[in-house]
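Below is one structure; the comments refer to it alone.
The values are calculated or read from the model by the stated rules, or taken from the named source; none is laboratory data. As the structure is a computational prediction, the values presented were derived from the model and not from experiment. When we count neighbours, we look across all protein chains shown, and the Cβ atoms used for this are built from the backbone with ideal geometry, even at glycine.
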């Protein structure tokens, strides 16, 4: 592999996965689902996965996990991800993920895992009672990506460390066995509102775990709920600034402008050029109308899809078959490289 073009020998391929943890919201849509749908036009094969195996690193109610996996699938499709154009499946139906994860468990080092910020945050002071899966799941994440030889992964800022670990694992595997087999995956971080903040506190990320439902717009909210949450979103008393620089130190104003820009496919500069100087009493109704126009059809389509679980299950099964067509030969070659008798 050349240093200037480390993945020149690999077919460009995008992979991303989302945990089926329920309560999809605007942050999931703008930070991930919308970008996934938009990327389908780039001419690069896209593989999108409901990572249900990651979900069980903490205990999950089985019925809830099934429901949330189907709901997440509906969210992908309602947001514009075409299961015919992209590959859409749930992780546990493609056994190669777990198979490659074991190989990577033996490549990765304990120190690498223990340095992961999410391990420290989620396990906290109770590490001895945390599941082994919670510690080791970055190796499974690396397997999710590399079992498809994915060259690019759309990630949020909070996932960059895990992608760096994926790159470390790929480099170590290649070096350990003297091969140029796994690509050095590149992160894709783009978009105006990749990090959507709470509607009640512009310094905190929008989250499904926030006790206030008014802090987020759920993708299952109807038009009235969407509009009400925008109208009641926290703001400051000043009008919108006349320049982007004026949004500094105004987190709630910046958040609403970012949301408008992302929903309208505009730059922040364009939004400020159009709405700068307006009071929030004028800007919020415009944002509410835009949010309803963009999100209410997604909510309606999700309800239609989730009313027919059999249709969703068929989509996931077909997606898993297509995914295995790529993953199985890569897994077989991995076993050969490692020295397994086939």
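Here are the numbers for the structure shown:
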quantity	calculated
Single match in 224, 249, 176 (criterion: assigned by TED's automatic domain parsing to the domain that holds residue 40 and over 21 Å from the mean Cα position of the chain (by Cα))	176
Single residue of 155, 188 found to be crowded, with 17+ Cβ neighbours inside 10 Å, at pLDDT below 95, closer than 27 Å to residue 45 by Cβ and in the same structural domain as residue 26 (by TED's automatic domain parsing)	155
Those residues of the stretch 276-308 which are more than 17 Å from residue 261 (Cα to Cα) and surrounded by 16 or more Cβ atoms within 10 Å (Cβ to Cβ), in sequence order	296, 298, 299, 301, 302, 305, 306
So residue 85, is it surrounded by fewer than 23 Cβ atoms within 10 Å (Cβ to Cβ) and more than 18 Å from the chain's Cα centre (by Cα)	yes
Selection count, the stretch 235-250, where residues are assigned to a loop (DSSP other than H, G, I, E, B) and surrounded by fewer than 16 Cβ atoms within 10 Å (Cβ to Cβ)	7
Check on residue 262, under 15 Å from residue 34 (Cα atoms), at pLDDT below 95 and buried (at least 17 other Cβ atoms within 10 Å of the Cβ)	yes
Residue pairs meeting the criteria (Cβ under 8 Å; at least 6 apart or on separate chains; first free of Cβ contacts under 8 Å to residues at least 40 places away in the same chain, in the stretch 97-109; second assigned to a helix (DSSP H, G or I))	105/136; 105/139
Filter result for residue 44 (in contact (Cβ under 8 Å) with a residue 12 or more places away in the chain, in the same structural domain as residue 64 (by TED's automatic domain parsing) and out of contact with any strand residue (DSSP E or B) (no Cβ under 6 Å at 6 or more places or on another chain))	no
Out of 84, 63, sole residue that is more than 24 Å from residue 173 (Cβ to Cβ), in a loop (DSSP other than H, G, I, E, B) and without any contact (Cβ under 8 Å) to a residue 40 or more places away in the chain	84
Qualifying residue in the stretch 106-115 (condition: outside any helix (DSSP H, G or I), exposed (fewer than 14 other Cβ atoms within 10 Å of the Cβ) and under 21 Å from the mean Cα position of the chain (by Cα))	no
Single condition residue 140 does not satisfy, out of (1) crowded, with 17+ Cβ neighbours inside 10 Å; (2) in a helix (DSSP H, G or I); (3) modelled with pLDDT under 90	(3)
